[in-house]
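The values are calculated or read from the model by the stated rules, or taken from the named source; none is laboratory data. Here the structure is a predicted model, which means the values were calculated and not measured. Counting neighbours? That spans all protein chains shown, and the Cβs are built from the backbone with ideal geometry, glycine included.
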């Protein structure tokens, strides 16, 4: 079973080199993977593997 690494928005922003607000815009436009886990109304996390796949698709 692969390791499941959950990332906060700030960590995702650093990884993809985009601002958190721009990431939110891309999610709304369905051009960026949505958060895969919700822990509350404002607490969301992304799977690192989803972000890696998105980055690889951009190349």
> Restricting attention to segment 1-22, and to residues there that are at pLDDT 95 or above and assigned to a loop (DSSP other than H, G, I, E, B), which single residue is surrounded by the fewest Cβ atoms within 10 Å (Cβ to Cβ)?
Replying inline: 17
>> Taking the criterion of being assigned to a loop (DSSP other than H, G, I, E, B) and either on the phi > 0 side of the Ramachandran plot or surrounded by 12 or more Cβ atoms within 10 Å (Cβ to Cβ) (or both), would at least one residue in segment 46-59 satisfy it?
In response: no
> Taking residue 34, is it surrounded by 11 or more Cβ atoms within 10 Å (Cβ to Cβ) and assigned to a loop (DSSP other than H, G, I, E, B)?
Replying inline: yes
